[in-house]
There are 2 protein chains.
Amino acid sequence: MLLTGKHGGHSYIRGNYEMGGFTDETEGGQMPLPEGIYSIPKMLKSAGYKTGIIGKWGLGMHFTSGNPNLQGFDYAYGYLDQKQAHNYFPTHLWENGKWHTLNNTSFAVHRKLDSTTVTVADFEKFKGNEYAGTKFTDKALKFLEENQADPFFLYLPYTIPHVGLQVPDKYIQQYIGKFPGEKPYYGQSGYNTSQYPLSTYAGMISFLDEQVGILMQKVKELGLDENTIILFSSDNGATFNGGVQAKYFNSAADLRGLKMDVFEGGIRVPFIVRWPKMIKSGSTSDFISVQFDMMETFTDILGIETQKNDGISILPTLLNQLQNQKQREYIYFEYPEKGGQVAIRMGDWKGVRVNVRKDKNSPWMLFNLKDDRGETRDLAKLYPEIIEKFNAIQLKEHQNSHITEWEFLNNKSSTIK
Amino acid sequence: MLLTGKHGGHSYIRGNYEMGGFTDETEGGQMPLPEGIYSIPKMLKSAGYKTGIIGKWGLGMHFTSGNPNLQGFDYAYGYLDQKQAHNYFPTHLWENGKWHTLNNTSFAVHRKLDSTTVTVADFEKFKGNEYAGTKFTDKALKFLEENQADPFFLYLPYTIPHVGLQVPDKYIQQYIGKFPGEKPYYGQSGYNTSQYPLSTYAGMISFLDEQVGILMQKVKELGLDENTIILFSSDNGATFNGGVQAKYFNSAADLRGLKMDVFEGGIRVPFIVRWPKMIKSGSTSDFISVQFDMMETFTDILGIETQKNDGISILPTLLNQLQNQKQREYIYFEYPEKGGQVAIRMGDWKGVRVNVRKDKNSPWMLFNLKDDRGETRDLAKLYPEIIEKFNAIQLKEHQNSHITEWEFLNNKSSTIK
């Protein structure tokens, strides 16, 4: 959705559809993007940009149409299978479709440990020598150096913090003892184990912070500081599974829900833009945008034409030219996971439908986020005219998915299949 | 493959993936083409042609990205769900995405009849008033009239003869009594029943023949005869199921296999081109081509640029300029049905692999079609160097499918899913 400028009711990929298994032998990636799909890298490439992706890609292995090198990226390094990204000490990553060996031993990351017999050595078995995040930074620095003379677009989907907890020891050490009540995690909620889950999670964020710093320093050293736009965001809210303890850290604050929810806890994420030449340092905005606005925003920055998409340019807001900011009536969300969910943000109003797959008539909940950020008071019965509007929006915005697994609003499956 | 110029190892759609059920309420079509897929209608539309499809479409309902009106067709009439095309007396067809009611009563076409209690009235229940094929011709005549002044491309995938046996009575009547041993068909091999299956099948072919005549007459009347190219072909060989009796009619002659096989009986089809201004009447050619050659051929006729595809232009052959005919080393076939099949035609050589889904090492059969059209003598052991070549071709031509259901050559599925 970020790359194609489409919301969840239009986008081709609407979830993880796995094409293989967890092992290196069965690594198959996810359902690939077909050829012909328009995307930010294709758009920027045609505008003369060198394009790179370094990090996690879940839109098809190199032996499919989803190969990032076929989808607009001149350079691609990292995971091509999101399942392999469950382990940050993988045996290999992929560089332009070629296997790139890392100095790590293969191990099954999803094993649980028995808390009654576990030893420190058991936890050590979930660690390796070469950390994926470090490799990403190395390759990113190289990409910056090699392309400093050209216009370039570097997309850096680091995999952390994510559901699994792994980071080089020194990032863990600095936090051990600082989190009262910290107990080992034995893998009972999936993903890898961790002797110090709270310290590791904190260490991962510190690691990521450090990488961003290293990259920004490099941009400065190359003399590209003033004219380089750095955008930072997250793909969803804090998670509920693996060793992550969202409650302990109060990660979602007063927001309802976590990752995989269309409640605010699942979809409200930080968004930071740095562009020294054009954006005043430290300024903030309450303007509501979504990641699928990026295609239109980049288009606007470049003054080029783009293909039809679901976003709007937020450049006027970034430049504090608020009088020029195009307003939208609503933002539409759709997500096939957790039984099928729909959400609409319209001004201060937020509508949410859950369990739509099972219940075609699953009712709208209606919240007023202005005085109820936590989505605790359902006002649907008081505003039937808004609900009517939401129904019309859903009808307008929903296009049937190309596979039954993701189609929950207009599901016509019967005994066939 | 015809429309996108891709062979089965590259094409996005590689089989029927059903999105709904048989009834009008659950009509959901097949997996839709995504937006952005390049196709013959898109190519011709951009070259200034009015484009129409009248007949059967199995690449997505109107409420998906596969909507023919979104896939390059200015005008679309007919079935949008191949399952509904099992009945040629449907309750409705679709005209540019709008429901078009036909004067027929709804009935379940796949019912069987009990041969011990059946009456003539039972067979009559599989008949209706308005025949889809007649509607196609009506709409095609209208399309020709309305677009006679423009360059136009009309794609006419009539649904007959197909697996179901239905045609207006007068076409059946002329054959009753002419097929010794004709017995009623009670639906035991699927599809609808028929009191006179042999006469009905013959009648369907006569009907189709008549429609082609009507259309050619109209082209002549409009003064477009000399400059209109009419191409006629079939999408596969005779079928094995429903009430069709391929053996009785010797439909596949000495060829091995039927529909759904990559043996010659499944893939060798008639191809007739009529272009009075340019092609000498009655001329024939032994040049081997495939339907995915049409994109390149049309491109060549128009002298325009096209996107990368798997075909070659056969225009030189059509024009009898054989010295200009580009030769190809091989034609590659891949088909996920019947356990996964691969075939390669290379000169007189034909390689076939079957049951590849179950057996990754399923061996190549090798036939020399020059003296063994029937693919009866497997010469694989005698020509290891050809087998080696076939393996290399398969490796080169296969791109993983976007869904596991169609991926049988490089299947990496494990316990996940």
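No lab work stands behind these numbers, since they all come straight from the coordinates. These figures come from a predicted structure and were not determined experimentally. Here Cβ is always computed from backbone atoms with ideal geometry, including for glycine, and neighbour counts include all displayed protein chains.
Inter-part distance, the range A:172-217 to the range A:331-372, computed on C-alpha centroids, equals 33 Å.
Counted by neighbouring Cβ atoms within 10 Å, the residues B:S401, B:S281, B:S233, B:S251 run from fewest to most as B:S281, B:S233, B:S251, B:S401. With 0.36 nm allotted per residue and the present C-alpha distance subtracted, the A:I304-A:D286 stretch has 3.8 nm of extension available.
How well do other chains shield peptide B:58-71, expressed as the mean number of their Cβ atoms within 10 Å of each residue Cβ? Intermediate results must be reported in sequence, preceding the final value.
Details: counts 0, 0, 2, 3, 1, 5, 6, 6, 2, 2, 0, 0, 1, 0.
For this peptide, the per-residue mean of nearby foreign Cβ atoms is 2.
Take the Cα of A:E95, step 7 Å toward its Cβ, do the same at A:N355, and the gap between the two points is 5.2 nm. For chain A, a Gaussian network of Cα nodes joined below 10 Å ranks A:P197, A:P161, A:P34 by mean-square fluctuation, and the top entry is A:P34.
Cross-link check: pairs B:K112/B:K247; A:K360/B:K135; B:K358/B:K396; A:K259/B:K42; B:K42/B:K259 evaluated at a Cα-Cα cut-off of 31 Å; pairs beyond the cut-off: A:K360/B:K135; A:K259/B:K42. Comment: the Cα-to-Cβ extended label point of B:D286, at 7 Å, lies 8.2 nm from its counterparts in the other copies, nearest first. For the residues of A:8-17, the average number of beta carbons from a partner chain within 10 Å of their own beta carbon is 1.
How high is the FRET efficiency from B:T105 to A:E405, r the C-beta distance, R0 30 Å, rounded to 0.05?
Details: r = 35 Å, r/R0 = 1.17.
FRET efficiency, B:T105 to A:E405: 0.30.
Take the Cβ-Cβ distance between B:V269 and B:K396 as r, set R0 to 35 Å, and report the resulting FRET efficiency rounded to the nearest 0.05. Walk me through the numbers on the way to the answer.
Working: r = 26 Å, r/R0 = 0.73.
So the FRET efficiency works out to roughly 0.85.
Membrane-span-like helices in chain A, defined purely by DSSP H runs whose alpha carbon atoms cover 15 Å or more axially and whose average Kyte-Doolittle hydropathy reaches 0.5, do not occur. Highest GNM mean-square fluctuation among B:D225, B:D286, B:D235, for chain B modelled with Cα contacts below 10 Å: B:D286.
Provide a whole-number value for the mean count of partner chain Cβ atoms within 10 Å of the Cβ atoms in peptide B:401-408. Please report the intermediate quantities before stating the final value.
Values: counts 5, 15, 7, 6, 2, 0, 4, 0.
Mean partner-chain Cβ count within 10 Å for B:401-408: 5.
Can you bin chain B into rounded, prolate or oblate? Criterion: square roots of the alpha carbon gyration tensor eigenvalues sorted a ≥ b ≥ c, rounded for a/c under 1.5, prolate for a/b above b/c, oblate for the rest. Rounded. Label-point spacing for B:P363 across the identical copies (point 7 Å from Cα in the Cβ direction), in nm and ascending order: 6.8.
Evaluated on the range A:170-290, the Kirkwood hydrodynamic radius is 16.8 Å, with distances taken between all distinct Cα atoms. Of all chain B residues, the closest to the B-onto-A rotation axis by Cβ, with that distance in whole Å, is B:G36, 1. Across the range A:39-60, the residues whose backbone nitrogen lies under 19 Å from the label position 7 Å along the beta-carbon direction of A:L224 are A:40-56. Considering only B:A246, B:A149, B:A85, the mean-square fluctuation computed in a Gaussian network model of chain B, springs between alpha carbons under 10 angstrom, is largest for B:A149. Across chain B, the mean sequence separation of Cα contacts (distance under 8 Å, 6 or more residues apart), normalised by length, yields a relative contact order of 14 percent.
When A:F232 is represented by a point 7 angstrom out along its Cα-to-C-beta vector, the spacings to that point in the other copies are 7.0 nm, nearest first.
What is the log10 of I(q)/I(0) for the protein assembly as shown, computed with the Debye formula using one identical point scatterer on each Cα and no solvent, at q = 0.04, 0.06, 0.08, 0.09 Å⁻¹? Values, matching the q order: -0.21, -0.48, -0.84, -1.03.
If each residue of separation counts as 0.36 nm, what is the full-extension length gain between A:M346 and A:S234 once their alpha-carbon separation is subtracted? Before the final figure, lay out each step's value.
Values: separation 112, 0.36 × 112 = 40.32 nm, distance 2.21 nm.
So the chain would gain 38.1 nm between A:M346 and A:S234.
Scoring A:4-15, B:269-280, B:387-398 by mean Cβ neighbours within 10 Å over their residues and listing the highest first yields A:4-15, B:387-398, B:269-280. Here the contact order of the range B:102-204, divided by its residue count and restricted to Cα pairs under 8 Å and six or more residues apart, works out to 35 percent.
Using helices alone, I'd like the mean residue ellipticity at 222 nm for chain A: each DSSP H run of four-plus residues gives -39500 (n - 2.57), total over residue count, nearest 500.
-6500 deg cm²/dmol
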